[in-house]
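For reference, the structure discussed in these notes is given below.
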Amino acid sequence: MKYLMRVHPCRKLLRFMLLSGLFALAAHAATVRGTVTDALGAVIPRARVELAANQESIASVTADDEGKYEFHDVSAGQYQVCASAPSFDLTSSKPFYVGEGAIANIDLLLAIGVVSQAVTVTATAMPTAQAQVGASISLIPGDDYAGKLDVQETLRLVPGAQITQTGQRGGQGELFMRGGNSDANKVLIDGVPANDIGGAVDFGVLAAAGIDQIEVLRGPNSALYGSDALAGVVNLTTSRGFTPLPQVTYSIDGGNFRTYRQEGMLGGTYKQFDYFSDFARLDTANGIPGNSFHNGTYAGNFGWAPKRNTEIRATVRRLATAVGLPGAIQLYGIPDDAGQKDQQLFLGVTFQQQTTQRWHSLLRYGALRLRSQYTDYAPTGIPYDSPIVGSGYIGAPVTIRGANGYTVSGQAIFQYAETYPNRYLYRTDRDFVYAQTDYQIKPQLTALFGFRYEAERGHVQPSYGLPPADRGNYSYTLQVAGSLANRFYYTVGGGIENNAVFGVAGTPRASLAYYLRRPGSSRVFSGTKLRGNFSTGIKEPSISDAGLSLFGLLQTLSDGEQLIAQYHVAPIGAERSRTYDAGIEQIFFEGRAKLGLTYFHNEFGNLIEYVPGQGLIDIGIPPIIVDQLAAAYQYGATVNSQAFRAQGAEAELEYRLGRNFVARGGYNYLDAVVQRSFSSDALGPSFNPAFPTIPIGVYSPLIGARPFRRAPQSGYIAVSYHHSQWTGSLTGTFVGKRDDSDFLYDKDGGTSLLLPNRNLDAGYQKLDFGGSYQANHALSVYADLQNVLNQQYSEAFGYRALPFTFRSGIRVTLGGESWTRK
């Protein structure tokens, strides 16, 4: 018996080797785990969870009663996690990499129908389910603007947002958010501010190439984002690579007006690395002679996860554009011979670490480089020697009719007698560092602290006496966000801005959301959400605003410092806003439909405007100072003297017509009025002899009037269809009449060509179609038709927009996950 029980030495060795191998394998195996919750953060017990690689399920588990799941013995590689539960839509995580022996925490959020599963960062600076946010925010995924050329085309389909483009492609694009000025929106590209000094952003040259998602926050948020977030925040996120097998995509298309476009993309992952690059080039002649436009845009996103809790990511976006500027031909009858070239670079490097399950930290460096050159090559107007204003160039005889029914005829001053060509160069550099740490005090309470330092430099040539900008700005943020009973959600915080020009300013903010009825499977009323916000914003002065300020001009005088000290003249201040809004979101029909209604009230104050000498006296500036300025400059100065109110309502409806159809629409009502102004127009309005009883603001709106180019009524519709092979979309924008100015003086400097401001811009309707067909895994064809009704309209008075345009082309995709399934 002893002999039978004996184990052979070779078997001992074999057993030892086998156990050693198993222990080694276990030591290097990874774990994927997480929690499944609904859109409001409540756990979903017994959900089915699958682990997928290359879009194939390789393992499945059932979450426990606390919504927790776990996969053991996972090999290193790229994965996705999918979850499903009765009454909820299927949800998939973003692709992620897990290394040997690592633990990946992947939480999943399930929602019902149109209840958003999306996660926003813009509202709270932390990943937060949109359903748990009280702020007015829109998240637009890449599928919603596939085939579109510019970011501004997508922003037209956001409640409360109005886009005005001066002319055709490449013309200046302005965003007016809830009645705010066009320089009152903070724009971020992968967390890097894209604003010029003073807040300006030209959406007319910002291509949609490489953009994965757009977030739009309607309302100020300087508490989180510092200066320039006066009316809203737009956050653009660059796409990432996600396929283990590299994916290469090339598309080429063409259309009318000699439009030609190419785009190439490369993306993928390799172990802990992911990479994405996109280059797109557009050339078009537009529909006006001398208005050709070129845009070359590169976008890159490169990530590295050296540890399971650490990520380093670098992003870059560079664009180079050139556009001919024939000007307002409808007003002058003659095209100008001018053009503009722009180069813009946005660079960011971000380090993130999840130090513990509760503690997350972020460190980001960002850089902005803006270069712009405007050139007026030669005068094209008719030479004219006026006995009143002297020599210059005038336009051809024209008859101009406004949408308000008034008509004028004549020839306008077009160009001045000066040396040609003349050039204007604009240069802006910004470097910043942002540090953020957020800590989960308890499961339903998180605190955040942030610090930002910006170094801004900029100048204009010729300077006309404007000093270059060299500013160092500091921002501090403190915020607390939490929830009670998975029904009440709150965010409370504030920021302190220490700006090199205006000094210290505070920006409090609070946001609340409460569910009267939690989202569920009720047949009619499937969920009711109430929300409210109070927020404030600030904006720093531009280079010209600061240089032409009363304080800045006095500094250039020989006795200026004495006058500043004697009369306590302060530097120009920050522009400010104060906003509150309240709304309701109602879910219908088992989550198939959602209706949102919002009321907002904005107060924009301390706004900067150019005030003449008499206006300076009217606001309390001592006459001795005004006399000193008049002797040196013969003009006035910029001061914080304008204010206006903008209130209104937004309605948005989204409805799932079926598995593949989604329709949404929105209506915006805006009641905006100028409350205070000391501009030359406000103090002494102009009058056209043909309309002697109607006061006219030439360069700025009058007190009691509406701000320029903001329609009281506007709206949009969007219907999309997504199938495995076919996609299609119909979008429409509808804009009512707007106040504006033709900015014209007749050939002798008179006012006979001025039209009344009220309802000067005509309303318009624009319908667009788009679609694609996937012939096989490698080849697809697509088309984009804009302004299919061929409406003749102008978004800015005198600048004709594009008529009907079309593009069609092919897209070839090689590699990626689709090839692994063939």
Matching entry among LEU730, LEU670, LEU702, LEU744 (being among the hydrophobic types (A, V, I, L, M, F, W, C), under 30 Å from ILE329 (Cβ atoms) and under 25 Å from the mean Cα position of the chain (by Cα)): LEU670
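Among the residues of the stretch 701-715, are any out of contact with any Ser or Thr (no Cβ under 8 Å at 6 or more places or on another chain) and free of Cβ contacts under 8 Å to residues at least 24 places away in the same chain? Walk me through it before giving the result.
Quick first cut of the stretch 701-715, residues out of contact with any Ser or Thr (no Cβ under 8 Å at 6 or more places or on another chain) only: 704-707, 710-713.
Okay, now just the ones that are also free of Cβ contacts under 8 Å to residues at least 24 places away in the same chain, so none.
Within the stretch 701-715, none of the residues are out of contact with any Ser or Thr (no Cβ under 8 Å at 6 or more places or on another chain) and free of Cβ contacts under 8 Å to residues at least 24 places away in the same chain.
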Subset of the stretch 663-683 (residues that are open to solvent by less than 40 Å² (accessible area, probe 1.4 Å) and under 30 Å from LEU139 (Cα atoms)): ALA663, GLY665, GLY666, ASN668, LEU670, ALA672, VAL673
Qualifying residue in the stretch 764-785 (condition: in contact with a strand residue (DSSP E or B) (Cβ under 9 Å, 6 or more places away or on another chain), open to solvent by 60 Å² or more (accessible area, probe 1.4 Å) and farther than 30 Å from GLY816 by Cα): yes
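Condition test on ALA320, is it in a strand (DSSP E or B) and without any contact (Cβ under 8 Å) to a residue 40 or more places away in the chain?
Details: in a strand (DSSP E or B): yes; without any contact (Cβ under 8 Å) to a residue 40 or more places away in the chain: yes.
So ALA320 fits the description; yes.
Can you tell which of VAL626, VAL611 is open to solvent by less than 20 Å² (accessible area, probe 1.4 Å) and without any contact (Cβ under 8 Å) to a residue 24 or more places away in the chain?
Values: VAL611 fails: without any contact (Cβ under 8 Å) to a residue 24 or more places away in the chain.
Answer to the selection: VAL626.
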Conditions (1) within 30 Å of GLU650 (Cα to Cα); (2) among the polar types (S, T, N, Q); (3) in contact with a Phe, Trp or Tyr (Cβ under 6 Å, 6 or more places away or on another chain); number of the one not met by THR237: (3)
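Residues that are in contact (Cβ under 8 Å) with a residue 24 or more places away in the chain and among the acidic types (Asp, Glu): does the stretch 374-386 have at least one? Before you say what the answer is, go through the steps one by one.
Residues of the stretch 374-386 that are in contact (Cβ under 8 Å) with a residue 24 or more places away in the chain, as a first pass: 374-382, 384, 386.
The next check asks that each one be among the acidic types (Asp, Glu); those that pass are 376.
Yes: one or more hits.
For the stretch 485-513, give me the residue count where each residue is over 23 Å from ASN602 (Cβ atoms) and not basic (Lys, Arg).
First pass over the stretch 485-513, keeping only residues over 23 Å from ASN602 (Cβ atoms): 485-489, 498, 500-501, 503-504.
Pick out the ones that are also not basic (Lys, Arg) and you get 485-486, 488-489, 498, 500-501, 503-504.
Qualifying residue count for the region: 9.
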Checklist (1) within 29 Å of GLY458 (Cα to Cα); (2) open to solvent by 10 Å² or more (accessible area, probe 1.4 Å); (3) in contact with a Phe, Trp or Tyr (Cβ under 8 Å, 6 or more places away or on another chain); (4) not in a loop (DSSP other than H, G, I, E, B) applied to GLN152, failing item: (2)
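Let's see how each residue does on (1) outside any strand (DSSP E or B); (2) of a type outside the set (Val, Ile, Thr):
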position	(1), (2)
VAL233	no, no
LEU236	no, yes
GLY241	yes, yes
PRO244	yes, yes
PHE257	yes, yes
GLN262	no, yes
THR269	no, no
ASP274	no, yes
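Would it be correct to say that PHE293 is surrounded by fewer than 19 Cβ atoms within 10 Å (Cβ to Cβ), out of contact with any helix residue (DSSP H, G or I) (no Cβ under 7 Å at 6 or more places or on another chain) and modelled with pLDDT of 95 or more?
For PHE293, the condition - surrounded by fewer than 19 Cβ atoms within 10 Å (Cβ to Cβ), out of contact with any helix residue (DSSP H, G or I) (no Cβ under 7 Å at 6 or more places or on another chain) and modelled with pLDDT of 95 or more - is not met.
Just give me the residues in the stretch 629-676 being assigned to a helix (DSSP H, G or I) and in contact (Cβ under 8 Å) with a residue 60 or more places away in the chain, in sequence order. Quick ask: steps written out before the conclusion?
Taking the stretch 629-676 as the starting set, the residues that turn out to be assigned to a helix (DSSP H, G or I) are 629-633.
Passing the criteria: LEU629, ALA632, TYR633.
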Residue among PHE797, PHE806 that alone is touching a Ser or Thr at 6+ places or on another chain (Cβ under 9 Å) and open to solvent by less than 50 Å² (accessible area, probe 1.4 Å): PHE797
Given (1) in a helix (DSSP H, G or I); (2) open to solvent by 10 Å² or more (accessible area, probe 1.4 Å), index of the condition LEU554 fails: (2)
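From the list ALA565, ALA574, ALA646, exactly one residue is at pLDDT 85 or above, open to solvent by 20 Å² or more (accessible area, probe 1.4 Å) and not polar (S, T, N, Q). Which is it?
Values: ALA574 fails: open to solvent by 20 Å² or more (accessible area, probe 1.4 Å); ALA646 fails: open to solvent by 20 Å² or more (accessible area, probe 1.4 Å).
That would be ALA565, the only listed residue that is at pLDDT 85 or above, open to solvent by 20 Å² or more (accessible area, probe 1.4 Å) and not polar (S, T, N, Q).
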Looking only at the stretch 453-507, and only at residues there that are surrounded by fewer than 17 Cβ atoms within 10 Å (Cβ to Cβ) and among the small types (Gly, Ala, Ser), the one that is farthest from LYS529 (Cα to Cα): GLY465
Segments classed as strands (runs of 3 or more DSSP E), wholly inside the stretch 31-142, with at least 1 members that are closer than 23 Å to GLY583 by Cα, among the small types (Gly, Ala, Ser) and open to solvent by less than 20 Å² (accessible area, probe 1.4 Å): 137-141
Unmet requirement for TRP304, which otherwise passes all of (1) surrounded by fewer than 20 Cβ atoms within 10 Å (Cβ to Cβ); (2) touching a residue at least 40 places away in the same chain (Cβ under 8 Å); (3) in a strand (DSSP E or B); (4) not basic (Lys, Arg): (2)
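The values are calculated or read from the model by the stated rules, or taken from the named source; none is laboratory data. Given the structure is predicted, the values throughout are model-derived calculations rather than measurements. All Cβ positions, glycine included, derive from the backbone under ideal geometry; neighbour counts span all protein chains shown. Surface areas here come from the heavy atoms of the whole protein model, side chains and all, with no ligands, DNA or RNA. Shrake-Rupley method; radii C 1.70, N 1.55, O 1.52, S 1.80 Å.
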